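Asker: Please see the structure below; I have some questions.
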Amino acid sequence: MGWYRRDALFVLSIGFGVLLAGLLADLACAESVPLNCMILPGEEIASILMTNSLAIDASCIVTCKFQTTKYDNNPQITCAKPVPAGKEVEMCRLTSGGDKFVKLTEGRADCTRLPAAEVR
């Protein structure tokens with residue numbers, strides 16, 4: 001029975017390796033794209049805009065982190081959705097939780113190729 005368990009573990013290891021390689025290949029295809037994490041008038045809401053500058057429809061993800069007037073209150077938002085090629089879209093909005101936003105501290109956006117039938 002020992003050889004059966006060893007062979008099963010070997011097959012599972014190979015399968016896991018192939019799966020991991022595929023996931024890493026998809027991650028490697030993500031490209032940085034322009035974004036605009038802006039504080040709206042009133043300073044309690046932020047709008048997260050990004051542009052899919054790729055020539056193809058893509059699945060895009062954006063993350064923005066802000067500083068507020070309250071010490072150690074740094075709201076962050078991450079949102080994702082499909083975006084048509086060459087389009088600028090509002091990805092999401094973030095509320096400050098009652099404190100006023102002061103400034104953007106971090107922001108990044110990436111897009112990965114999406115099959116054409118998935119973008120609406």
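The values are calculated or read from the model by the stated rules, or taken from the named source; none is laboratory data. From a predicted model like this one, the values you see are computed outputs, not experimental measurements. Don't worry about glycine lacking a Cβ; one is built from the backbone with ideal geometry, like all the others, and counts go over all protein chains shown. Accessible surface areas use protein heavy atoms only, side chains included; no ligands, DNA or RNA. Shrake-Rupley method; radii C 1.70, N 1.55, O 1.52, S 1.80 Å.
Asker: If you take the beta carbon distance between Ser32 and Thr95 as r and set R0 to 22 Å, what does 1/(1 + (r/R0)^6) give as a FRET efficiency, to the nearest 0.05? Before the final figure, lay out the partial values.
Answerer: Details: r = 27 Å, r/R0 = 1.20.
Step by step, r from the Cβ atoms, then E = 0.25.
Asker: Could you pull out every residue, at least 5 positions away or on a different chain, whose amide H is within less than 5 Å of the one on Met91? Hs are placed 1.01 Å off N in the peptide plane, and Pro or chain starts have none.
Answerer: Close amide H contacts, sequence-distant or interchain: Ile48, Leu49, Met50.
Asker: With every protein chain present, what is the per residue accessible area of the range 44-89 (1.4 Å probe, Å²)? Walk me through the intermediate numbers first.
Answerer: Working: 2310 Å² over 46 residues.
Per residue, the range 44-89 has an accessible area of 50 Å².
Asker: Another one. Less than 13 Å Cβ to Cβ from Glu44, Lys/Arg counted +1 and Asp/Glu -1: what total charge do the surrounding residues give? Could you put the intermediate results ahead of the total?
Answerer: Numbers: positive: Lys70, Arg93, Lys100; negative: Glu43, Asp99.
Residues near Glu44 contribute +1 overall.
Asker: Round to the nearest 10 and report in Å² the accessible area of Asp99, as given by a 1.4 Å probe over the protein chains' heavy atoms.
Answerer: In the full protein context, Asp99 sits at about 40 Å².
Asker: Could you pull out every one of the lysines with an alpha carbon less than 19 Å from that of Lys100, ignoring same-chain neighbours closer than 8 positions?
Answerer: Lys65, Lys70
Asker: Moving to a separate point now. If you project the alpha carbons of the range 46-95 onto their three principal axes, what span does each projection cover, largest first, in Å?
Answerer: 42, 13, 13 Å, listed from the longest principal axis down.
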